[in-house]
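Heads up: the structure comes next, in structure tokens.
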Amino acid sequence: MNKRKVTLAAAAAGVITGAAGLSLLAMPAGAGQPPTLPDVSAESLVEQVLTSKPGAFGGTVEVDNKLGLPSIAEIPQLADGKHSARIWTDGNGKFRAALPNGQSEQTIVDDGTTTWSWNSADNEVTKSEHKADQPRPAEDKSESVNPAEAAKQVVGMTKEFSDITVDGTARVANRAAYELVLTPKASEKTLIREVRIAVDSELKMPLRVQVLTNGTSEPAGTVGFSEINVGPQDAKLFEFTPPANAKVTTPEAKEERRGQKPELGIEQALQGKDPQFFGTGWDTVVGARIPAEAMTQVPAEAQGLVDKFTKKVSGAWGSGQIFTTKVATILIADDGRVVAGAVPEQVLFDTIGQVK
């Protein structure tokens, strides 16, 4: 199974791992009266989401989180509240993103052959050269801030396990769009009630993704455009030269410096070469095992963070700690086993015993 398809299942892990994938699940609704548009079938909109290849554009993406996440200094976009980012693409693989981070900013540029990531806070640049036989490096967060890619991943994973409808129209970033709704089938054991995707009526690309959970009337998280400028962008946006005195490093060197931190161990476990998958569709659970050396070398401050935002649990499977948000749950056993999913606690308790 493609690891991208576990976005929903591994969502809560972002709080502990420091991954930025939660921005896929997290923008306010567009203003103005819903436009009047010709009727369109749900099947047609699904096909558009999965096959759309947006051309060049630039825009502002806004994130509105109500997931119940703590504030973490290094990744403020994950905390509850509203956040924004700027993105640009030439429509042919080149990409730029500007991600505010408190008083600093992270700039990511993919020039077609190399992905550059610059953090203004420490003036450090991570350089990742593309290789034909490998996926883009983790430093390239283009998918995590692009509503079109977010929608494509969600639809690709869940369409056969959902009831799919068109629920009227909406106006997003001052553009007319159809509202495509994916509702988990009754047999799915998930925290998600529905996902709403606003699909541009002219460009055929998703403009906004909203996630609603059981028992709530407002979206738990939204990501989408508040402003979009369609057409060719300045070619210089897709060029990058490291600033003067910046330290240039590689992803491998950066990971080595991080050492055996618990968040790295969890991230490696969930995103490693051989993650384990249980179930299908909305109630897919991803499982793995944190390296033993990481479990025995947990810094006190990191353990304190884990203890603060988790609760201790136990059962026939053993004992450990569980972290819950509105959209996903992660269970970390004391022996290093980890399971995560957009599912209730009991599903993880029933699954963790299968982790090897």
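Mind checking which strands (runs of 3 or more DSSP E) fall wholly inside the range 145-210 and carry at least 2 residues that are among the aliphatic types (A, V, I, L, M) and out of contact with any helix residue (DSSP H, G or I) (no Cβ under 7 Å at 6 or more places or on another chain)? Before you say what the answer is, go through the steps one by one.
Numbers: elements: 162-172, 175-184, 192-200.
Hits in the range 145-210: 162-172, 175-184.
Can you report the number of residues in the range 147-162 which are more than 21 Å from L348 (Cα to Cα) and in contact with a Pro (Cβ under 8 Å, 6 or more places away or on another chain)?
6
Quickly run through the range 215-227 and pick out the residues that are in a strand (DSSP E or B) and within 17 Å of A151 (Cα to Cα).
Of the range 215-227, the ones in a strand (DSSP E or B) are 221-227.
Scanning the range 215-227 gives G221, T222, V223, G224, F225, S226.
Here's a check for you: in the range 205-225, which residue that is surrounded by fewer than 19 Cβ atoms within 10 Å (Cβ to Cβ) and more than 16 Å from T158 (Cβ to Cβ) is modelled with the highest pLDDT?
Across the range 205-225, the extreme among qualifying residues is E218.
Got a number for residues in the range 274-294 being out of contact with any strand residue (DSSP E or B) (no Cβ under 9 Å at 6 or more places or on another chain) and either modelled with pLDDT of 90 or more or surrounded by fewer than 18 Cβ atoms within 10 Å (Cβ to Cβ) (or both)?
The total comes to 4.
Considering only residues that are within 18 Å of A173 (Cα to Cα) and at pLDDT below 90, look in the range 56-72 and name the one that is surrounded by the most Cβ atoms within 10 Å (Cβ to Cβ).
Result: V63.
Can you confirm whether T241 is in contact with a strand residue (DSSP E or B) (Cβ under 7 Å, 6 or more places away or on another chain) and part of a loop (DSSP other than H, G, I, E, B)?
Numbers: in contact with a strand residue (DSSP E or B) (Cβ under 7 Å, 6 or more places away or on another chain): no; part of a loop (DSSP other than H, G, I, E, B): yes.
So T241 does not fit the description; no.
Would you mind finding the one in A253, A198, A170 that is surrounded by fewer than 17 Cβ atoms within 10 Å (Cβ to Cβ) and hydrophobic (A, V, I, L, M, F, W, C)?
None of the other options fit; the residue is A253.
The values are calculated or read from the model by the stated rules, or taken from the named source; none is laboratory data. All values derive from a computational prediction rather than experimental measurement. Glycine gets a Cβ as well: all are built from the backbone with ideal geometry, and neighbour counts include every protein chain shown.
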